[in-house]
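Each remark here refers to the structure printed beneath this line.
Quick note: the coordinates plus some simple rules give every number you see, no bench work behind them. Source: prediction; values computed, not measured. Neighbour counts run over all protein chains shown; Cβ positions are idealised from the backbone, glycine included.
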Amino acid sequence: MALSVVDWRRRNNIDCSHLTASNAAFPLHTHEEYAISANLSGVEKLCLNRKNLSVLAGEITVYNPETLQSSTFGEEPVEFYSVHLPASVFHDLADRPLPILREGVLRDPQLFAAICQFARSPDDEQIQQQNLLWLTSRLLQYSGTAELTLAPASVGRALEYMRGSLTEKLTLDELAGVCGLSKYHFVRQFRQEVGVAPLQYHMQLRLLAARNLLRHRSSALDVAHRLGFYDQSHFINSFRKMMGITPHHYQRIISR
């Protein structure tokens, strides 16, 4: 994967990155935060909700927490800013219930400028907060009132069990048993509702937990041990496949 980190900072618990990518791909994955990106140049090919979309220069991508998406980048380099907003941002700054944002590809020059302005914020907390307030206000123009579709109870039980079992590698027998389904019916129902196979989704939850531990200065070796990866190499390769960089690289750039 040809992914180059121009800059990556963590401002007030918000990951903010400036990246370039070419001849690269992010497989189907999710984030625990609201993920917003501004495409500065090039064309990103996006798969969202089983639809193939193109993201052109000057356009924005918006994802709600736990939305599944994948991206590919061709020979022409794609340069973009990416901001991951935790749910607490909207609780703390907007004083309102968590929004459901309009997902997909948007063209909004003011929102585009707000993303870039926040990404380029100097090391001044007041200016960062000012830029964050402007960014959230622009994003909320795209908030909806519809409620998230609830998964069937069996899938909900599986998701709850997965979130409570981040330190071990689960089996299909175990998950299907939690749901009271055969493995065949469990995998079919889970994939139909969530959009990815259950074991792959559980791995993503474990890697999101790993990212949080790395943010709190745990070593990659300690994270691999705490989350039940059978060796450090397996953890590093899994993390790089999802994030595009190794745990060591991620920890080094967010600590600057």
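Counting every Cα pair in the stretch 1-59, what percent are over 14 Å apart? Present the calculation step by step, with values, prior to reporting the outcome.
Values: 1152 of 1711 pairs.
Of all Cα-Cα pairs in the stretch 1-59, 67 percent lie more than 14 Å apart.
Provide the packing ranking of 36-47, 100-111, i.e. peptides ordered by the mean count of other C-beta atoms within 10 Å per residue, highest first. Don't skip to the answer; put the middle values down first.
Numbers: 36-47: 19.2, 100-111: 15.7.
Taking the mean over residues of other Cβ atoms within 10 Å, the ranking is 36-47, 100-111.
Post the alpha-carbon centroid distance, the stretch 188-256 to the stretch 108-122, in whole angstrom.
If you average the Cα positions of each part, the centres end up 29 Å apart.
Between Leu98 and Arg215, take the C-beta separation as r, use R0 = 30 Å, and let me know the FRET efficiency to the nearest 0.05.
0.90
Helix-derived [θ] at 222 nm for the chain: sum -39500 (n - 2.57) over DSSP H runs of at least 4, divide by residue count, nearest 500?
-12000 deg cm²/dmol
Could you pull out every one of the lysines with an alpha carbon less than 18 Å from that of Lys45, ignoring same-chain neighbours closer than 8 positions?
Lys241
For Lys241 and Arg226, calculate 0.36 nm times their separation in residues minus their Cα-Cα distance, and state this gained length in nm to one decimal.
This chain segment gains 3.4 nm when fully extended.
Can you give me the orientation-averaged projected area of the convex hull built on the Cα atoms of the chain, in nm²?
13.6 nm²
Okay, which of the stretch 177-215 sit inside 14 Å, backbone N to the point 7 Å along the Cα-Cβ direction of Arg50?
188-197
Can you list the aspartates and glutamates whose alpha carbon sits under 16 Å from that of Lys51, skipping same-chain ones fewer than 8 residues off?
In chain and number order, the partners are Glu103, Glu193.
At q = 0.19, 0.20, 0.24 Å⁻¹, work out log10 I(q)/I(0) for the stretch 153-254 with the Debye formula, treating every Cα as an identical point scatterer and leaving solvent out; two decimals please.
Once normalised to I(0) and log-transformed, intensities are -0.88, -0.93, -1.16.
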